[in-house]
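The values are calculated or read from the model by the stated rules, or taken from the named source; none is laboratory data. Remember, it's a predicted structure, so these values are computed and weren't measured experimentally. For neighbour counting, all protein chains shown are included, and Cβ atoms are generated from backbone atoms with ideal geometry for every residue, glycine included.
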Amino acid sequence: MNTLLRLTVANMKSLVRDRAALFWTFFFPVMFVLLFGVLFSGSGDSKVSVGFVDQDGTAVSTQVHQAFAAVPILSLQTGTLDDEKAAMQRGDVSAVIVIPKGLGEAVGKSMAGQKASSALQLYVDLSKSQTTQVIQGIVTQITNGFNLQLAGGSAVVGVDQQTLQSTNISTVAYLVPSILAMALMQLGVFAAVPLVQQREKGILKRIGATPLARWKLVGSNVLLRLVVAAVDAVLILGIGIAVFNVQIVGNVLAIGGLVFLGAGAFLALGFMLASFLKTEEQATGVVQVVQMPLMFLSGIFFPFDFMPSFLRTVARFLPLTYLGDALRQVMVNGTQIAPLGVDVAILAGWLVVCLAISARSFSWE
């Protein structure tokens, strides 16, 4: 028993001394709990912005407005139909609820025993499938409540759902650009690990002592990653088109330009990380820490609408937010987070700044 205890203590000491093992054993799961807890706890000031248009202007429409305003998760923005549809296309609101003219009259006739009906108009965006499902549920619950109150459950108030998209685009069509953006991000940031490994083993130092120009070594690494990025893009888009019948509506050259710009920006980020890391274990842990917030806070998989405002602020600084947004806009006409020109400018800014920092700080020894 004494030997068993001694061996256990020795193994515990070995674990404590292994920083990489400590990271994967303790810090990584804790980070996941905190991250997903904040995203899905439903706490904080997380709200879904919805446009609200009252074309009826009656006491009944005021009651409907009050019912929606009382829902804690909704943040209503009132205006004309054209203004709210434009706001939805800009990405300022996630849906638009319209009370049509004649709703009050239909309710009055129904209460007088006459047969009448009217329908709220609900404009949704299929690029925000999770948000749309939540809004659909709220609208259905409120209309059912009014029908029960007014006519004992008869369908006096219905819901007419419409979409702003010109074609019926499936959810998977919006996931394809997100997956491509994620692949480009991982391709770039994980480039830090082999660079740090080669420096730690002295390979970069020995290469630096040869007549080989250093820019050629860096250039070959960049070219390799860009080729892999192109292959990734072809595979992901090919599977989306062939298997899931995804319709690519944008210009192929524009998509190719965004792929190379995104890959370059994240390669520069990977080189910058490699400039400050000393060991392979450090590089592996730091790269994982960097990619987790990029994946889960950039809006490529989880909608912005369910994030607390401080997380949305963080997401505005992440390059993956703008790469995913740009790819969606070009490929499937997705609702934009920022204008396409802004997406490109921010990605180019990340590319230039990270390259400048890595060029100044990178050490070959």
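Kindly indicate whether Ala213 is in the same structural domain as Gly285 (by TED's automatic domain parsing), more than 16 Å from Ala265 (Cα to Cα) and of a type in the set (Gly, Ala, Ser). Here the answer is yes, as Ala213 does meet what is asked.
Within the stretch 278-287, does at least one residue satisfy the condition of being assigned by TED's automatic domain parsing to the domain that holds Ser220, within 15 Å of Ala191 (Cα to Cα) and outside any helix (DSSP H, G or I)? Step through it out loud before you land on a result.
In the first step, residues of the stretch 278-287 are kept if they are assigned by TED's automatic domain parsing to the domain that holds Ser220; the result is 278-287.
From what is left, the residues that are within 15 Å of Ala191 (Cα to Cα) are 278-287.
Filter once more, keeping what is outside any helix (DSSP H, G or I): 278-279.
For the stretch 278-287, residues assigned by TED's automatic domain parsing to the domain that holds Ser220, within 15 Å of Ala191 (Cα to Cα) and outside any helix (DSSP H, G or I): present.
Restricted to the stretch 107-121, and to residues there that are at pLDDT below 80 and hydrophobic (A, V, I, L, M, F, W, C), the residue that is farthest from Thr163 (Cα to Cα) is Ala112.
If you scan the stretch 180-210, which residues turn out to be of a type in the set (S, T, N, Q) and either touching a His at 6+ places or on another chain (Cβ under 8 Å) or surrounded by fewer than 16 Cβ atoms within 10 Å (Cβ to Cβ) (or both)? The one that is of a type in the set (S, T, N, Q) and either touching a His at 6+ places or on another chain (Cβ under 8 Å) or surrounded by fewer than 16 Cβ atoms within 10 Å (Cβ to Cβ) (or both): Thr210.
From Ser43, Ser75, Ser61, grab the single residue that is polar (S, T, N, Q) and modelled with pLDDT under 70. Give the steps one after another, and end with the answer.
Numbers: Ser75 fails: modelled with pLDDT under 70; Ser61 fails: modelled with pLDDT under 70.
Result of the check over Ser43, Ser75, Ser61: Ser43.
The helices (runs of 4 or more DSSP H) found entirely in the stretch 173-245 that carry 1 or more residues being farther than 18 Å from Ala283 by Cα are 203-208, 214-244.
Tell me, please, whether a residue that is over 27 Å from Phe302 (Cα atoms), of a type in the set (S, T, N, Q) and modelled with pLDDT under 85 can be found in the stretch 205-217. Let's see the steps before the verdict.
Here is the first cut: in the stretch 205-217, the ones over 27 Å from Phe302 (Cα atoms) are 205-217.
Filter once more, so that each one left must be of a type in the set (S, T, N, Q): 210.
Still in the running and modelled with pLDDT under 85: 210.
Taking every residue of the stretch 205-217 in turn, at least one turns out to be over 27 Å from Phe302 (Cα atoms), of a type in the set (S, T, N, Q) and modelled with pLDDT under 85.
Of the residues Val48, Val53, which is in contact with a helix residue (DSSP H, G or I) (Cβ under 8 Å, 6 or more places away or on another chain) and at pLDDT 85 or above? Steps first, answer last, please.
Working: Val48 fails: at pLDDT 85 or above.
None of the others qualify; the one that does is Val53.
Pairs meeting the criteria (first residue in the stretch 203-221 and polar (S, T, N, Q), second residue not in a helix (DSSP H, G or I), beta carbons under 9 Å, at least 6 apart or on different chains) are Asn221/Ala191. Would you check if there is a residue in the stretch 11-26 being modelled with pLDDT of 65 or more and within 27 Å of Thr163 (Cβ to Cβ)? Scanning the stretch 11-26 turns up no residue that is modelled with pLDDT of 65 or more and within 27 Å of Thr163 (Cβ to Cβ). Among the residues making up the stretch 331-365, none is outside any helix (DSSP H, G or I) and closer than 16 Å to Val259 by Cα. Of the residues in the stretch 299-310, at least one is in the same structural domain as Asn245 (by TED's automatic domain parsing), outside any helix (DSSP H, G or I) and of a type in the set (Gly, Ala, Ser).
With the structure loaded, tell me whether Ala326 is more than 30 Å from Trp215 (Cα to Cα), crowded, with 17+ Cβ neighbours inside 10 Å and at pLDDT 90 or above or whether it fails that test.
Working: more than 30 Å from Trp215 (Cα to Cα): yes; crowded, with 17+ Cβ neighbours inside 10 Å: yes; at pLDDT 90 or above: yes.
Considered against the rule, which asks whether it is more than 30 Å from Trp215 (Cα to Cα), crowded, with 17+ Cβ neighbours inside 10 Å and at pLDDT 90 or above, Ala326 comes out as yes.
Filter the stretch 210-262 down to the residues that are β-branched (Val, Ile, Thr) and within 21 Å of Asp343 (Cβ to Cβ) and list them by number. Give the derivation first.
At the first step, the residues of the stretch 210-262 found to be β-branched (Val, Ile, Thr) are 210, 218, 222, 227-228, 231, 234, 236, 239, 241, 243, 246, 248-249, 252, 255, 259.
Hits for the stretch 210-262 are Ile236, Val246, Ile248, Val249, Val252, Ile255, Val259.
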